[in-house]
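J.: Starting off with a structure, shown below.
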Amino acid sequence: MALTKTQLEAFEKQLMDWKSELEIGQSVNVQAMHEQEQTSFPDPTDQASMETDRNFELRIKDRERKLIKKINQALERIKAGEFGECDSCGGDISVKRLQARPVTTQCIECKTAQEQEERTRLD
Ligand SMILES: [Zn+2]
């Protein structure tokens, strides 16, 4: 484990703050959608654009939900003392990479290798 206790605590705080931000967003969106549902749109064009907006919003919310799950997993890893370890090779993930993307579970080498493999499969 290459991370110090202080660094881990900073990551934990960062993740918690991020999570509460996302959770606030989720509940606000739910309320906004609920209010929209109660408004009637007699114009079919409005109706259509409202549907598109809602699909867009649902996609964002879906992504946020997945992100919250990843944040929870990262917090679990901090508790288990596994945070910063690469899932694939067991090596250390660089602090710089963790700071940019604290929910990551792979070091840059494994991530790059995985992406290359995915690209090869698509070709
Ligand atoms: Zn790795």
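J.: List the pairs whose first member sits in the range 19-30 and is at negative phi and part of a helix (DSSP H, G or I), whose second member is at pLDDT below 95 and surrounded by 14 or more Cβ atoms within 10 Å (Cβ to Cβ), and whose Cβ atoms are under 7 Å apart, counting only residues at least 6 apart or on separate chains?
T.: Pairs that qualify, where the first residue is at negative phi and part of a helix (DSSP H, G or I) and the partner is at pLDDT below 95 and surrounded by 14 or more Cβ atoms within 10 Å (Cβ to Cβ), are 22/64; 25/64; 26/61; 26/64; 29/57; 29/61.
J.: Looking only at the range 95-123, which residues are among the aliphatic types (A, V, I, L, M), within 14 Å of the ligand (Cβ to nearest atom) and within 18 Å of residue 9 (Cα to Cα)?
T.: 98
J.: Which count do you get for residues in the range 72-94 that are away from the ligand (no atom under 15 Å from the Cβ), in contact (Cβ under 8 Å) with a residue 24 or more places away in the chain and at negative phi?
T.: Total meeting the criteria: 5.
J.: For residue 42, which of the numbered conditions (1) part of a helix (DSSP H, G or I); (2) at pLDDT below 90 fails to hold?
T.: Going through the list (1) part of a helix (DSSP H, G or I); (2) at pLDDT below 90, residue 42 breaks only (1).
J.: Please enumerate the residues belonging to the range 68-123 that are under 18 Å from the mean Cα position of the chain (by Cα) and of a type in the set (S, T, N, Q).
T.: Across the range 68-123, the qualifying residues are 72, 73, 99, 104, 105, 106.
The values are calculated or read from the model by the stated rules, or taken from the named source; none is laboratory data. Because the structure is a prediction, the values reported are computed rather than measured. Cβ: placed from backbone, ideal geometry, glycine included. Neighbour counts: every protein chain shown.
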